[in-house]
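Participant: My questions will all concern the structure given below.
Derivation of every value follows stated rules applied to the coordinates shown; laboratory data play no part. Worth saying up front: this structure is predicted, and the values here are computed from it rather than measured. Reconstructed Cβ throughout: ideal geometry from the backbone, glycine too, with neighbour counts over all protein chains shown.
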Amino acid sequence: MIIPSSVLAATWIPFSVVLLVELVLCVVFVQYFASRKRRECGSFLVCILGLLVALLSSSLLPVDIFLVSFAKENGQFKEWAASKESRNEMNELMQYAYYGLYGLDMLFVFGILPFAFFYNQSRDEADEDNHLSSRCVSALKWTTAFVLFAALLLTLGALIPLRETPGSNSSISDLEWIIPKLGNDRGENSLALVVNIFTTLGVFFLCFYGAYGMAAMPVSWIFGRLSLESTRDDLVTSEQALKVRIESAKKRNGRIKEVARMEGELEDVRRQLGILEQMEAKWCCAKCFLLCRPFQFLAGLIFFAISLFVVGVIVTTNLDRILNGEGYRYGYVINGTAWVNPIDYVLTQLQVAFPIDYIVLVCLLVYIVMCVVAGIVHSGIRICCVSLYKIRPRKTKPEALLFLVYILIFSILAVNVLFFSIAPGYYSYGTQTWNNATVNGTKSVKCADHPKPEECVKTANADFLLAYFYKMWVFGAIYYWSNWLFVSIFLAGLVFRCARGRPKATDAHFQREYDSEDEDNEMSEDNDPLLPAFRP
């Protein structure tokens, strides 16, 4: 081992601490959303571990960046990283860590999660005397299909011919050193293809759920809900108006369907009035929420500022890549950066005091995951606009929770692409610099601004990502244009959420489309932190 043990300790000890923190967060998250009536220990454990592995796949990036940054000092490689063999060992170490976590992601996506999902589904569809063995057999049948599909993808990844590395006469020969030598190892190609397919799916989940949640969640916290008094006035007015409309429709012999619809709306209003009476009976809880309201308003402002900042940086980075990059056939890769990136600058400065940048990146990762979950809570799990499951605190069925973790695994893998879009220089080179000899002396140049062969070492994650930007350019083009989709959905979601205004105080506890198992008369005493509390 060429890398000193002190360097390895400084690298992996913070990662171990993050692992424990994320494990606690995963347990709390699953515990919060899991149904109180249907508790499946196996599904509970699968959700925790699957979510943890996905989070670690993105949490490994700061460790990768720290290693390449710590290898240089004042523009020169340190003694332990002076030889090319030591740098290759450092890169291989991170590659093996990524491959191990990506392999675990594949295991959950193609094996463990499908088995747990269909195992629970078979319980719902089976008779009461259905035994454990028959449920396992039913789940294995479906899981086998997922495994065969995984084998097909891995085989395609090994057989699909990739574009060769540009030669010396190529128009982009100056980028040859930027593009890694991916394509020599068929096992790496197979894994890279599957991970890029995962990431592509995750990018769309991140756009449709994460972008909307990034707009809706902070605005909801800022707006708050109507007070109990305002909610009662609104419901009473709606009740009286519906009564008048129903009577009028009956007198003029209106259509039966129209009358039935209005009677259903009237029943909903009365149910909300019943919920409101229970909330008014808990006067102390309402007052506690009012006391927390200023903190929630402040948090909403902070999160909204973060969302606007991230979206603004995505726009500027995308403009930089399309104006100064190499075009869609090279994944819009850019040799350095032409414009100043504020997130790049901040993270580069914080990286000097590692692990502060690690903490900032993990917090940003957790915030993005919160936005994805908020988007799913607001709109539910849908496929082709068809609602499959509702995600609600303490009322989410095991199947829905497994499906939620499925979406989050893909979305978290896509966060790496989002990080590349908001901080490409930091993502690729960290704080590395190289010394440029000029007539006026030696000048220190950032690798993020002007990378130089043999002087700048890319992170293993950047190698993995940029390889397919060139070798199979369609992924790079999808990742680039999905950023514009993310920005568009964020702006549309912001307008939509602002136009809706403040919800009633009963909206958090009332939904018309209840799952059959959640039809109960009791009102949950726990308030959803993803939704706003009362506002006078």
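Participant: Quick one: which residues, 5+ away or cross-chain, put their amide H under 5 Å from the amide H of Gly380? H built at 1.01 Å from N.
Facilitator: Ile391
Participant: Compute the distance in nm between two label points, each set 7 Å from the Cα along the Cα-to-Cβ direction, one at Leu298 and one at Ala145.
Facilitator: A separation of 5.3 nm, rounded to one decimal place.
Participant: Now, a different point. For Asn88 and Lys37, what is the calculated FRET efficiency with R₀ set at 45 Å and r taken between the beta-carbons, to the nearest 0.05? Can you show the working numbers first?
Facilitator: Values: r = 55 Å, r/R0 = 1.22.
For R0 = 45 Å, the calculated efficiency reads 0.25.
Participant: Between Ser134 and Leu159, 0.36 nm times their residue separation minus their Cα-Cα distance comes to what? Provide the component values of the computation, followed by the final result.
Facilitator: Values: separation 25, 0.36 × 25 = 9.00 nm, distance 3.79 nm.
Full extension from Ser134 to Leu159 adds 5.2 nm.
Participant: A 21 angstrom limit on the alpha carbon distance is what I want to check against. Which of Lys78/Lys458; Lys257/Lys397; Lys78/Lys452 exceed it?
Facilitator: Details: Lys78/Lys458 16 Å; Lys257/Lys397 33 Å; Lys78/Lys452 17 Å.
Over 21 Å Cα-Cα: Lys257/Lys397.
Participant: Could you sort the peptides 487-500, 201-214, 364-377 by per-residue average Cβ neighbour count (10 Å cutoff), highest mean leading?
Facilitator: Highest-to-lowest ranking by the protection proxy: 201-214, 364-377, 487-500.
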